[in-house]
Structure formats: C-alpha cells, structure tokens
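Here's the structure we're looking at; comments come further down.
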Amino acid sequence: MSNRNYLLIAFVCLTSGLLLGWLRLYLNQVALQDYTKYISRYRIPFNMLFPFERILTAIGYASLVITMIKINKLQHLWRALAAAGKMALTCYLLQSLLCTLFFTGFGMGYYGMLKQYQLYFVAAEIVLLEIVFCICWLKVYQLGPSEWLLRCLTHGKWLPNKIINQPSTAINIPALY
C-alpha cells in the first residue's frame, strides 16, 4: 500500500475516533449533571461507542506509524529508538530512578509542584537522556547493564558483554514493508 493510502486511513480513522471521543465526553458530562434528564433524552449509555472509538484511533495511529517507518529520511530516528528498545529494562529502571530522585521528598521534592506542560518537558528530557545513554552504551556493549545482568542470572554464569573487534555497531532495522 502507498503512503497516501496509509495517510488517508489515518486521517479518516483518527477523525472518526476523536469525534466519537468528543461525543462520549459530552454525553458523560450531560449524564453527570442530571442523570434523570440524560436517561429521558438518550436511550443508550454514554460509553456504548467507546470500543469503536478505541479501534478507530488505534488503526489511525498504526497507519501513521507505518507511514513514518516507510519514510527513509527518518532512519536515524528509528536506529536511536531501536537502541532504546534493545535496552528497555535498563531504560525503565533508569527512568524510575530519575523520577524518584526528581519528584520525591528524599530527592528534589518536585511532586505536585509542576504544571502539566512542565511535566512534558521533564519527560522529554528523560527520554532524550535515555536515548543518548543507550546509543553510547551500545557502541561498547552488546546489551544494557540490566539486560546483561538478567541474562547472567538466568544462565547462572558471567557472560561476555563487550563488543570485540566489530567495525560496525549499527543497529539493523528490519524492513516492515
């Protein structure tokens, strides 16, 4: 299928799904204000179309992702995300540690002090930090530290992790189309 078809599917599905979501939220608000009036005016539950909303938005987002993957100019981005995916457990633990230190009282104590848009900046900084860390780590080692430790524990012995004499350490992304 061409990129144009995927974009058309994404547009139609996302528009339909978001409109159904808006309708659901509107009907939910009406039901919360006066449930008796809602029951007399609308015969269906406000969340009856929620499964269709989820399916349509999921198809729309999947079409967008497929379109983005097919664009060859974004290969560096996919390699960076593949590096973070190869070290998913390490990224999860690092993210938990950073957020614990940033938000809790024994850290910096920022819990409840930031507005919503400020939290997006914190999340973006953590993700960028993790991606840079993953790329640098995977230039020297085959696995992340947590993944390597887990593999050593499951095998019951210390396994080598350092990359030995490999000229290219680029991560190969399989073609999805």
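Key figures for this structure:
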quantity	calculated
Output for segment 39-61, where each listed residue is in a helix (DSSP H, G or I) and under 18 Å from Leu20 (Cα atoms)	Phe50, Pro51, Phe52, Glu53, Arg54, Ile55, Leu56, Thr57, Ala58, Ile59, Gly60, Tyr61
Residue within segment 10-20 that is loosely packed, with under 14 Cβ neighbours inside 10 Å, over 25 Å from the mean Cα position of the chain (by Cα) and part of a helix (DSSP H, G or I) present	no
Those residues of segment 112-123 which are open to solvent by less than 100 Å² (accessible area, probe 1.4 Å) and either touching a helix residue (DSSP H, G or I) at 6+ places or on another chain (Cβ under 6 Å) or over 26 Å from Gly85 (Cα atoms) (or both), in sequence order	Gly112, Leu114
Enumeration of residues in segment 46-89 that are under 22 Å from Lys139 (Cα atoms) and either open to solvent by less than 60 Å² (accessible area, probe 1.4 Å) or modelled with pLDDT of 90 or more (or both)	Leu74, Gln75, Trp78, Ala80, Ala82, Ala83, Ala84, Gly85, Lys86, Met87, Ala88, Leu89
Residue ID - farthest from Leu143 (Cα to Cα), chosen from residues in segment 90-112 that are part of a helix (DSSP H, G or I) and among the aliphatic types (A, V, I, L, M)	Leu101
Count - residues of segment 124-167 that are open to solvent by less than 70 Å² (accessible area, probe 1.4 Å), under 17 Å from Ala80 (Cβ atoms) and not in a loop (DSSP other than H, G, I, E, B)	10
Residues that are among the basic types (Lys, Arg) and loosely packed, with under 14 Cβ neighbours inside 10 Å, drawn from segment 21-45	Lys37, Arg41, Arg43
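The values are calculated or read from the model by the stated rules, or taken from the named source; none is laboratory data. Treat the numbers as computed from the prediction; the structure is a model and nothing was measured. In this analysis, Cβ positions are derived from the backbone assuming ideal geometry, glycine residues included, and neighbour counts consider all displayed protein chains. Areas reflect the complete protein model, heavy atoms only, side chains present, ligands, DNA and RNA absent. Shrake-Rupley method; radii C 1.70, N 1.55, O 1.52, S 1.80 Å.
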